[in-house]
Structure formats: structure tokens, C-alpha cells
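Input: a single structure, listed below in C-alpha cells.
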Amino acid sequence: MKALVLTQIGKSEIQEIEKPIPKSGEVLLKVGMVGFCGGDMNSFKGLFPLQEYPNILGHEVGGTIESLGSDVPDHIQIGEKVTVYPYLACGKCVACRKGQINSCKENKTMGVRRPGAMTRYITLPWTDIFPSSKLSLRELALAEPLTVGFHAADRGSISEQDNVAIIGCGIVGLGAVASAVNRGAKVIAVDLDDSKLAIAKKIGVAYTINPSRENLHEKLQEYTNGDGPDFIIEAVGSPQTYRQAVEEVAFTGRVVCIGYAKKEVEFNTSLFVQKEIEILGSRNCVGKKDFPEVISYLETGKFPVDEVISKVISIDEAPETLANWAANPAGIIKIMIDFDR
């Protein structure tokens with residue numbers, strides 16, 4: 001069967017691999033849809049420090065249970081549509097011992113530090129699947145990136161009392177937008193791409209800002225009665241947006257960082273003290289909490305699924321598509337492989 005393999009920096013190819021057989025406690029999943037992550041593009045460009053080469057890419061999955069290994073509970077049924085928790089924790093490091101396995105020191109994400117899902121069949125533990133009888137495979141493939149945004153909102157305990165600014169409206173940032181709106185906060189979406197801001201409006205943000213033609217500081221002050229946002233999520237990963245988050249957050253506010261900065265970032269650290277702000281990292285998601293929450297949210301139909309999917313391709317088109325995306329990422333939110341094409 002075909003698989004998309006990232007062989008080295010700047011090169012991917014289709015390879016033939018063996019169809020796997022489920023072991024005890026595992027299910028065999030027939031992959032229907034799988035999304036490209038922004039991390040896949042950065043891995044292609046050599047900008048993602050955790051990526052291992054060569055590796056089959058893919059961890060945003062919508063699939064159907066094809067068969068079961070032994071010792072799988074009776075409530076897991078062949079034919080169920082599911083999405084996948086793609087993270088593997090060591091169970092031994094300090095984060096795991098504290099129960100925060102999403103931050104495992106030795107975490108192995110599918111497609112990053114172990115084989116991923118950009119192939120027709122994969123096996124995985126039954127405990128790592130989350131079903132939905134209501135969602136399509138493309139909706140299920142969106143669940144994982146949205147959980148990352150939902151976890152970021154949860155990290156800061158966003159509530160209806162908060163003014164929240166989210167810098168970056170890619171798919172993870174839009175997940176944070178959806179979670180913050182769902183929690184009743186007043187949300188301000190910030191991005192350089194008007195099409196992404198239009199999607200944020202459909203999700204329910206109160207305001208949008210495009211810093212390429214509007215003064216970010218002035219607009220944030222205007223929309224928060226001169227206070228600045230109580231909470232800012234940085235979902236871009238650039239030195240400029242990291243600094244903006246610290247500079248623009250309100251006194252006693254909170255900043256949550258999702259994006260991996262591609263270069264070192266210099267801060268005026270006196271702002272940390274003067275404002276007495278909290279700066280929090282947010283990594284991956286808490287599977288048993290965030291996946292059910294995102295699936296329930298998607299089942300409401302509130303999220304504009306079709307509008308965030310920029311392109312759907314076949315597996316054979318994947319190497320060229322990945323290279324083109326890395327060369328010209330503007331305007332792309334989500335690219336998916338449809339294995340039935």
C-alpha cells in the first residue's frame with residue numbers, strides 16, 4: 001500500500017509498505033481522510049526541531065475500523081468512524097508522573113517521531129480512538145488540530161469574563177477561537193489574511209484585526225476599553241507575535257504560547273514583572289478531555305468545516321502538493337488527502 005514518506009529535509013516521496021496486522025488490544029483502521037499539519041510543512045523545510053527522518057507523515061485522521069485484534073472491548077465495533085489520538089507518552093518522565101502526559105519529555109507523535117497515518121491502513125491501541133456516528137471522515141480529520149487550540153484555551157482557564165485576543169488564525173488558532181467563543185468570552189481574532197478572519201467571524205468572534213492595515217495596539221485598546229486583552233493566545237510562532245503578545249496583554253493578564261518560534265525571541269522582561277503576567281506554554285492536547293469536547297462541538301455544526309479545507313488531494317499528489325505549500329503557504333488553512341480519490 002502507498003505511504004507518503006518524508007525522506008529528508010526538502011524531499012518526500014510515495015513508497016510501498018506492508019499492510020499492518022492488529023496485535024492484542026489494537027484495531028486496524030482504514031484511513032479515509034488525513035490532514036497535513038503546519039508542522040509537516042515546517043518539517044519539510046527543516047524548521048521543526050522534533051522531526052525525525054525518514055518518516056511517514058500524518059496525524060490528523062478520519063478513518064473506519066476495519067478489524068480488531070484480540071482483547072479489544074465489545075463496545076468497539078467494526079465499521080465505526082473514528083478519529084485518532086496521535087501522541088505516545090513514555091509514562092516515566094516527570095510530566096508523565098504528574099499525569100500531564102501531553103507534555104511527555106519523550107513524546108512520540110505519529111508522523112514526527114514514529115510512523116504516521118498518510119497511508120491506507122494503520123494499527124493503534126483501541127484506547128487511542130474516538131468515535132462519532134454523526135461526523136464525516138473529513139470532520140473527524142479536523143478534530144486533532146482543533147483539540148490543540150481547545151487545550152490552549154483551557155490552559156488559561158478562559159471564561160465569559162475575559163477579553164481574549166488570538167494571534168494567528170490557522171487551523172490551531174481557529175480551534176482556540178472556537179473554544180474561547182464556546183466559553184462565552186469576547187474574542188478578538190488577529191491575522192494578516194482576511195479570508196481567515198472571515199472564518200473567525202463565522203465562528204463568532206466579536207472583532208477582527210488585520211495588522212497589515214490596522215494599528216494592532218490601537219485596535220486592541222479600543223476593543224478592550226483601554227485595558228488590553230485579559231488573555232492572548234500566540235498561535236503563529238514568530239518573534240514579532242511573541243513580543244506582541246507580551247506587550248499587548250493586560251496588566252495581570254495571561255499569555256499562552258502554542259507556536260514554535262523559528263528564531264530566538266528577545267523580550268523586554270520588565271513587562272513580565274510590571275504587569276505581573278502569566279506566560280504559559282501549551283503542548284498537544286489532553287486526549288480524554290479535549291477530543292470528546294471537540295467532537296461534541298463539531299457535532300453541533302457550528303464550525304465552518306468546508307471553508308477551512310483549502311484543498312483535497314489524492315495520495316499520489318501529496319509530494320508535489322507539500323513542496324508547493326512549503327514554497328507558498330499564503331492562504332492555505334488545511335490540505336487533506338482523500339484515500340478514496
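Which of the helices in the chain meet the span-like rule: DSSP H, Cα axial reach of 18 Å or more, Kyte-Doolittle mean at least -0.5?
Passing helices, by number: 137-155.
If I take the Cα coordinates of the stretch 275-341 and project them onto the principal axes, what are the three extents in Å, biggest first?
48, 33, 21
Could you pull out the pairs from Lys19/Lys202; Lys98/Lys311; Lys23/Lys311; Lys11/Lys134; Lys219/Lys334; Lys11/Lys201 whose alpha carbons sit more than 31 Å apart here?
Lys19/Lys202; Lys98/Lys311; Lys23/Lys311; Lys11/Lys134; Lys11/Lys201
Measure off, as a whole percent, the carbon and sulfur share of the 1.4 Å-probe accessible area of the chain, all protein chains present.
Of the solvent-accessible surface of the chain, carbon and sulfur hold 48 percent.
If packing is taken as the average number of other Cβ atoms within 10 Å across a peptide's residues, how do 282-291, 80-89, 124-133, 96-105 rank, most packed first?
The peptides rank, most packed first, as 80-89, 282-291, 124-133, 96-105.
Report the per residue volume, in Å³, of the convex hull enclosing the C-alpha atoms of the stretch 1-160.
It comes to 138 Å³ per residue, whole-number rounded.
Per residue and in cubic angstrom, what volume does the convex hull of the Cα atoms of the stretch 112-187 have?
Here the figure is 138 Å³ per residue.
If you take the alpha carbon radius of gyration of the stretch 5-62 and divide it by 2.2 N^0.38 Å, what ratio comes out, to two decimals?
In units of the 2.2 N^0.38 Å rule of thumb, it is 1.28.
Please report the antiparallel percentage of DSSP beta bridges with both residues in the chain, rounded to the nearest 5.
Looking only at bridges with both residues in the chain, the antiparallel portion is about 55 percent.
Quick check: with the 1.4 Å probe, what order do Phe251, Phe150, Phe339 take by accessible area, largest first?
Heavy-atom accessible area, descending, gives Phe251, Phe339, Phe150.
Which residue fluctuates most in the GNM of the chain (Cα springs below 10 Å): Gly253, Gly228, Gly301?
Most flexible of the set in this elastic network: Gly301.
Over the chain, average the accessible area per residue using a 1.4 Å probe and give it in Å², no decimals.
Ligands and nucleic acids excluded, the result is 44 Å² per residue.
Give the aspartates and glutamates reachable from Lys196 as a straight Cα distance under 15 Å; neighbours fewer than 8 places away on the same chain don't count.
Within the straight-line cut-off, Lys196 pairs with Asp306, Glu307.
Using Cα positions and a limit of under 23 Å, work out the lysines in reach of Lys92, with same-chain residues fewer than 8 apart set aside.
Straight-distance partners of Lys92: Lys105, Lys108, Lys288, Lys289.
The values are calculated or read from the model by the stated rules, or taken from the named source; none is laboratory data. Predicted, not measured: the structure shown is a model, and the values here were computed from it. Positions of Cβ are generated from backbone atoms using ideal geometry, with glycine treated the same way; all protein chains shown enter the neighbour counts. For accessibility, only protein heavy atoms count, side chains too; no ligands or nucleic acids. Shrake-Rupley method; radii C 1.70, N 1.55, O 1.52, S 1.80 Å.
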